[in-house]
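These notes are about the structure you will find just below.
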Amino acid sequence: MAKRVLVIGGGPAGLSAARTLGRLGIPTLLVEREDRLGGRPVLEDYHTLIPRRMTPSQVLGPYVEEVNNSQTVEVKLGTEVVGCEGSAPNFKVRLSNGEEHEVAAIVVATGFKHFDARRKGELGYGIFPDVITNLELEQMFSREGKLYKPSNGQLPQRVAFVFCVGSRDRQLGVTNVHCCRYGCALSGLQASEIREKYPEVDVFCYYMDVRTYGTWEYPFYWEPQEKFGVRYVRGRIAEITYSPSDGRLRIKHEDTIVKRPAEIPVDLVVLVLGMEPSEGTKKVAQILGLAQDPDSQFLVPAEESGSNVLSSKAGVFIAGACKGPIDIESSLSEGEAAAVEAVSFIGAKVAV
Ligand SMILES: Cc1cc2nc3c(=O)[nH]c(=O)nc-3n(C[C@H](O)[C@H](O)[C@H](O)COP(=O)(O)OP(=O)(O)OC[C@H]3O[C@@H](n4cnc5c(N)ncnc54)[C@H](O)[C@@H]3O)c2cc1C
């Protein structure tokens, strides 16, 4: 029996699984469809991460380095799994580069994709240049180190964050009713960063309700308001429009606390994007025959198990955002858990 483990996806969860397998001396094949490890948006586009305010390379750099230098982990970039035959512990997988490999267990860590804000036409994304996503704001910070209006390069006087775009939204049908989990906290951080660097810029956060889980409550909800003067407005956004008379955007909303319609001019709108299963996650679910949530299409753990890294199929383990919205630290932990479950499943004698 082959004792090799296949890890599909080289984002935080897959990297962590591969690192743990490498540390245990288990022969491992890590397949990543992009041309680099780290999960492309995470390593290249994010600026400062919640909750520890570290950079992506501070968090993930050591994982990438260790995996690349591991004696037992083979990394294949620009590669996908295109077919799988047999069953555990004798899977035969076919890769997009034409190779075939026998593996005893598989860790799926194929992650998520960002919600496409164009699907919420009333918010004006793709129509008005000064309506951007929170991912684009991160890119602005990380690549250019400054805040500006894409339409003219000037500093906005007033910025509005719109929470839950593509999350908790029943108007989109059953597919996007889940919470993205990271959005409220990241927005609290981004809003604070703007106020700290540009105290003259007013920042508003439009929310349905704020979900800064656990210990994130103080640093990413109270601190933005009490220390940085970010203003939180509970409101439902009806529409974002553009007024040619003053060249500013208008947020039309209902303030659900005072129960009145309102409209305010703003210069930059930041849409806080939800998370959906990546195309890779859906494809791998088909290839491996894994159970998916019928509504969201995220992978679901085996029903009878208490563990959330056991998939519906023996010998296949699932970790990170392929199972639903999750933060990076939890993705890293799940990668470790999935790796240990895979080792235990194949009964390999570990090298430590
Ligand atoms: C705008 C935004 C900002 C965020 N900021 C933070 C933050 O500050 N802190 C935080 O903790 N969390 C944050 N998150 C959440 C964070 O991005 C996720 O927790 C994390 O990326 C999940 O890691 P993952 O490895 O499961 O998935 P991913 O990061 O999606 O990685 C999956 C990897 O698998 C690869 N892949 C996919 N399909 C295949 C395939 N078929 N074959 C081979 N490879 C494949 C992909 O190319 C990718 O590299 C943010 C999310 C968003 C949307």
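What to note about this one:
- Applying the criterion of being among the β-branched types (Val, Ile, Thr) and farther than 12 Å from Thr110 by Cα to the residues of the range 3-48, the residue that is farthest from the ligand (Cβ to nearest atom) is Ile26.
- Taken together, Arg248, Arg181 contain a single residue that is under 27 Å from Ser278 (Cα atoms) and surrounded by 15 or more Cβ atoms within 10 Å (Cβ to Cβ), which is Arg181.
- From Val131, Val107, Val162, residue being at pLDDT 95 or above and under 27 Å from Glu32 (Cα atoms): Val107
- Looking across the range 1-49, the residues that are open to solvent by 30 Å² or more (accessible area, probe 1.4 Å) and under 23 Å from the mean Cα position of the chain (by Cα) come down to Arg19, Arg33, Glu34, Asp35, Arg36, Arg40, Pro41, Leu43, Glu44, Tyr46, His47.
- Filtered by the rule that a residue be in a loop (DSSP other than H, G, I, E, B) and in contact (Cβ under 8 Å) with a residue 60 or more places away in the chain, the range 128-146 gives Phe128, Asp130.
- Screening the candidates Glu74, Glu65 for the property of being acidic (Asp, Glu) and either touching a residue at least 12 places away in the same chain (Cβ under 8 Å) or touching a Cys at 6+ places or on another chain (Cβ under 7 Å) (or both) yields one hit, Glu74.
- You will find that of Tyr242, Tyr213, Tyr232, the residue that is hydroxyl-bearing (Ser, Thr, Tyr) and under 24 Å from Phe141 (Cα atoms) is Tyr232 and no other.
- Residue count for the range 85-100 under the criterion of being under 19 Å from Thr281 (Cα atoms) and open to solvent by less than 70 Å² (accessible area, probe 1.4 Å): the result is 4.
- You will find that of Pro301, Pro325, the residue that is touching a Cys at 6+ places or on another chain (Cβ under 8 Å) and either within 16 Å of the ligand (Cβ to nearest atom) or farther than 18 Å from Ser87 by Cβ (or both) is Pro325 and no other.
- Enumerated strands (runs of 3 or more DSSP E) restricted to the range 213-266, each holding at least 2 residues that are modelled with pLDDT under 90 and over 25 Å from the mean Cα position of the chain (by Cα): 248-255, 260-266
- Scanning the range 71-102 for residues that are hydroxyl-bearing (Ser, Thr, Tyr) and farther than 20 Å from Val343 by Cβ yields Thr79, Ser96.
- Only one entry in Val108, Val103 is under 22 Å from Asp327 (Cβ atoms) and crowded, with 19+ Cβ neighbours inside 10 Å, namely Val108.
- Here is the figure for the range 50-84: residues that are among the polar types (S, T, N, Q), open to solvent by less than 60 Å² (accessible area, probe 1.4 Å) and in contact with a Leu (Cβ under 8 Å, 6 or more places away or on another chain) total 3.
- Check on Phe112, closer than 25 Å to Arg248 by Cα and within 14 Å of the ligand (Cβ to nearest atom): no
- Residues in the range 312-322 that are within 14 Å of the ligand (Cβ to nearest atom) and either without any contact (Cβ under 8 Å) to a residue 60 or more places away in the chain or in a loop (DSSP other than H, G, I, E, B) (or both): Ala319 alone.
- Evaluation of Ile194 against (1) assigned to a helix (DSSP H, G or I); (2) modelled with pLDDT of 95 or more; (3) open to solvent by 40 Å² or more (accessible area, probe 1.4 Å) (one fails), failing number: (3)
- Among the residues of the range 111-127, just one is outside any helix (DSSP H, G or I), in contact with a Phe, Trp or Tyr (Cβ under 9 Å, 6 or more places away or on another chain), open to solvent by 20 Å² or more (accessible area, probe 1.4 Å) and not hydrophobic (A, V, I, L, M, F, W, C), namely Asp116.
The values are calculated or read from the model by the stated rules, or taken from the named source; none is laboratory data. Please read these numbers as outputs of a predicted model, since none were measured by experiment. Cβ: placed from backbone, ideal geometry, glycine included. Neighbour counts: every protein chain shown. What goes into the accessible areas is simple: the full protein's heavy atoms, side chains included, and nothing from ligands, DNA or RNA. Shrake-Rupley method; radii C 1.70, N 1.55, O 1.52, S 1.80 Å.
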